[in-house]
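Scroll down for the structure; my scribbles are underneath it.
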Amino acid sequence: MNHQQQQQANITVVGLGSGDEEQLTLGVWRRLKEASHRFVRTDKHPMMRLFRNHQLAYESFDAIYEQMDSFPDVYDAITEQLIDRARNNASIIYAVPGHPMVAERTVQLLRERCPEHGIELLILGGESFLDQAFTRLGFDPIEGFQLLDAAELKTSLIRTELHTIIGQVYDEFTASDVKLALMETLPDDYPVTIGHALGVPGEEQIQTVPLYELDRTPGYGNLSLIYLPRSTEESLRNRSFERLHEIVTILRSPEGCPWDREQTHQSIRKNFIEETYEAIEAIDNDDPDGMREEFGDVILQVMLHSQMEEEVGTFSVYDVIQSLNEKLLFRHPHVFGETNAGNSEEALANWEQMKAEEKRRKGIDPDKISQLDGIPPDLPALMKAYKLQKKAAKVGFDWDDVGPALDKIAEELTELREAIANDDADEQASELGDLLFAAVNAARFIKADPEEALSRTNLKFKKRFSYIEEKLRISGRTFDQTDLTEMDRYWEEAKKLP
């Protein structure tokens, strides 16, 4: 075995800096000149002029970009080739733009894979594009800073209170994706800064454009980035959940609102119910503006109750969110797991199956609980009857079709008539309850939610009664000046209206 075969294979990764050869470190330049086998991720970088001027031979991996369908595939292929070359040649040098540990996926892959192949890995820094960004764009990262990847940008990552650099904006298509993500949080005309080849003499370009023009501006390439200065605008801060949590915390603090500080779970319990019904009213009215406001009021109730518990150390609203996220993930194995669901019935079956599994994991024996458990005691009676019947039907306690359910309505109506004839108030109330319960049974068979059905009838009644009021108002009369015959005539007219 010769000396080269005995020598441990090694890869030295060096950073070529941001593009200005004056910024290249002496140590990196010395290693580049002394290396026998030089590889570069791409030769589309200003520093490659220095290679050519000093006749430094190298191999680039640009061809792989054309061969692969995705960037992850490209980076994987580059990494495997580098490992293969190191095993064959013992020692190689791999040069990447900027700093090797900033936005260089191939370097991260080498760090993961070299140990398992017995390859020694040495990483030497170089100036990153961030160094030039701080200088050329003129901001101090200590004020709060984040670096994001354009290829993996999500709206949820945008924090307007931080200076934000979005790197790897290779072309107009990537810029378009960035624009769409930013528009979820920022106004269409929000000023954003585009930087090309920062710090590279003769190539640097910096321009600020409104957000909607982000992908209509030419010049994107390997050295392009997008910059959002930190903002203290209240309108932007107020779009974040963190700001809502902060406001509610302040309201409940000693320096906050006296009314909010005094509230307890019980004192505002009824508010939760009222706000929920107001939200439902906005839904029924198909009122987007109303829904936006009323949904906020419902969220406020959740925030207030959660804040009360946070103050005594039991849980915070973030624990609430975590529990909800974990529940949604767990109960949707057909979306986030391996189970499949071809339709809504199969999806619902998965949901119920996972609910049962949750109970087992909590140590609850399904055989020792009632099939009718789990229905809130304060639920409106009509809604509770519907849920009780659905639960009973799941274990086979049900008719086969709607016929017997309709017969039961007729039977209960007869019994109600008899109770009225007997002039027994308790019996009358009991038989009326039976009649309503039977009506709910029929609702299940025709796949109508009785609560929704009755709500629709309530709205219909209100609309038709308002028509009677309007007719009387136009004629200058009151209810004292009319009779049932006339009101019934107006009622029939109202029924014909769209």
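A few remarks follow.
- Residue, most open to solvent (accessible area, probe 1.4 Å), within the stretch 391-409, restricted to residues that are of a type in the set (Lys, Arg) and at pLDDT below 85: Lys394
- Within the stretch 196-220, the set of residues being in contact with a strand residue (DSSP E or B) (Cβ under 9 Å, 6 or more places away or on another chain), open to solvent by 20 Å² or more (accessible area, probe 1.4 Å) and in contact (Cβ under 8 Å) with a residue 60 or more places away in the chain comprises Glu203, Glu204, Ile206.
- Apart from one condition, Tyr190 fits all of (1) surrounded by fewer than 16 Cβ atoms within 10 Å (Cβ to Cβ); (2) closer than 20 Å to Gly144 by Cβ; the exception is (1).
- Those residues of the stretch 285-336 which are of a type in the set (S, T, N, Q) and either modelled with pLDDT under 95 or under 30 Å from Glu352 (Cα atoms) (or both), in sequence order: Asn285, Gln301, Ser306, Thr314, Ser316, Gln322, Ser323, Asn325
- A Cβ distance below 7 Å, combined with a sequence gap of six or more or placement on separate chains, defines the contacts here; from the stretch 453-475, residues that are under 17 Å from Ile283 (Cα atoms) reach residues that are open to solvent by 80 Å² or more (accessible area, probe 1.4 Å) and among the charged types (D, E, K, R) in the pairs Ser455/Asp284; Leu459/Asp284.
- Remark: pairs (first residue in the stretch 176-195, touching a residue at least 24 places away in the same chain (Cβ under 8 Å); second residue of a type in the set (Phe, Trp, Tyr) and open to solvent by less than 70 Å² (accessible area, probe 1.4 Å); Cβ separation under 9 Å; 6+ apart in sequence or on different chains) = Leu182/Tyr190; Met183/Tyr190; Val192/Tyr227; Thr193/Tyr227; Ile194/Tyr220; Ile194/Tyr227; Gly195/Phe129; Gly195/Tyr227.
- Contacts under 6 angstrom Cβ, first residue in the stretch 88-101 being of a type in the set (Phe, Trp, Tyr), partner not in a strand (DSSP E or B), 6 or more apart: Tyr94/Leu82
- Number of positions in the stretch 102-133 that are within 21 Å of Met48 (Cβ to Cβ) and not in a helix (DSSP H, G or I): 9
- Scanning the stretch 473-486 for any residue that is touching a helix residue (DSSP H, G or I) at 6+ places or on another chain (Cβ under 7 Å), on the phi < 0 side of the Ramachandran plot, open to solvent by less than 50 Å² (accessible area, probe 1.4 Å) and not polar (S, T, N, Q) turns up nothing.
- Number of positions in the stretch 221-246 that are in contact with a helix residue (DSSP H, G or I) (Cβ under 7 Å, 6 or more places away or on another chain), farther than 24 Å from Glu22 by Cα and modelled with pLDDT of 90 or more: 6
- Checked against (1) within 41 Å of the chain's Cα centre (by Cα); (2) exposed (fewer than 14 other Cβ atoms within 10 Å of the Cβ); (3) in a loop (DSSP other than H, G, I, E, B); (4) of a type outside the set (Asp, Glu), Gln55 passes all but condition (1).
- Some residue of the stretch 82-97 being in a loop (DSSP other than H, G, I, E, B) and either exposed (fewer than 15 other Cβ atoms within 10 Å of the Cβ) or not acidic (Asp, Glu) (or both): yes
- Residue check: Asp171 meets all listed conditions (1) under 26 Å from Arg41 (Cβ atoms); (2) under 26 Å from the mean Cα position of the chain (by Cα) but one, namely (2).
- Consider the stretch 252-270 and keep the residues that are touching a residue at least 12 places away in the same chain (Cβ under 8 Å) and either of a type outside the set (D, E, K, R) or not in a loop (DSSP other than H, G, I, E, B) (or both). The one that is surrounded by the fewest Cβ atoms within 10 Å (Cβ to Cβ) is Thr264.
- Residue check, Asp131 of a type in the set (D, E, K, R), open to solvent by 50 Å² or more (accessible area, probe 1.4 Å), touching a residue at least 24 places away in the same chain (Cβ under 8 Å) and in contact with a Ser or Thr (Cβ under 8 Å, 6 or more places away or on another chain): yes
- Looking only at the stretch 134-160, residues that are part of a loop (DSSP other than H, G, I, E, B) and either surrounded by fewer than 12 Cβ atoms within 10 Å (Cβ to Cβ) or β-branched (Val, Ile, Thr) (or both) come to 5 in all.
- Hits in the stretch 43-52 - residues which are under 47 Å from the mean Cα position of the chain (by Cα) and open to solvent by 10 Å² or more (accessible area, probe 1.4 Å): Asp43, Lys44, His45, Pro46, Arg49, Leu50
- Inter-residue pairs, beta-carbon under 9 Å, first without any contact (Cβ under 8 Å) to a residue 40 or more places away in the chain and open to solvent by less than 70 Å² (accessible area, probe 1.4 Å) and in the stretch 329-353, second in a loop (DSSP other than H, G, I, E, B) and of a type in the set (A, V, I, L, M), 6+ apart: His332/Ala341; Pro333/Ala341; His334/Ala341; Ala347/Ala341; Ala349/Ala341; Asn350/Ala341
- Condition check for Glu338: assigned to a helix (DSSP H, G or I) and out of contact with any Lys or Arg (no Cβ under 7 Å at 6 or more places or on another chain): no
- Of the listed requirements (1) in a helix (DSSP H, G or I); (2) buried (at least 16 other Cβ atoms within 10 Å of the Cβ); (3) at pLDDT 95 or above, Ala282 misses just one: (3).
- Hey, Ile446 within 42 Å of the chain's Cα centre (by Cα) and of a type in the set (Val, Ile, Thr) or not: yes
The values are calculated or read from the model by the stated rules, or taken from the named source; none is laboratory data. All values reported here derive from a predicted model rather than from experimental measurement. Because the Cβ atoms are built from the backbone with ideal geometry, glycine has one as well, and the counts that use them run over all protein chains shown. Accessible surface areas use protein heavy atoms only, side chains included; no ligands, DNA or RNA. Shrake-Rupley method; radii C 1.70, N 1.55, O 1.52, S 1.80 Å.
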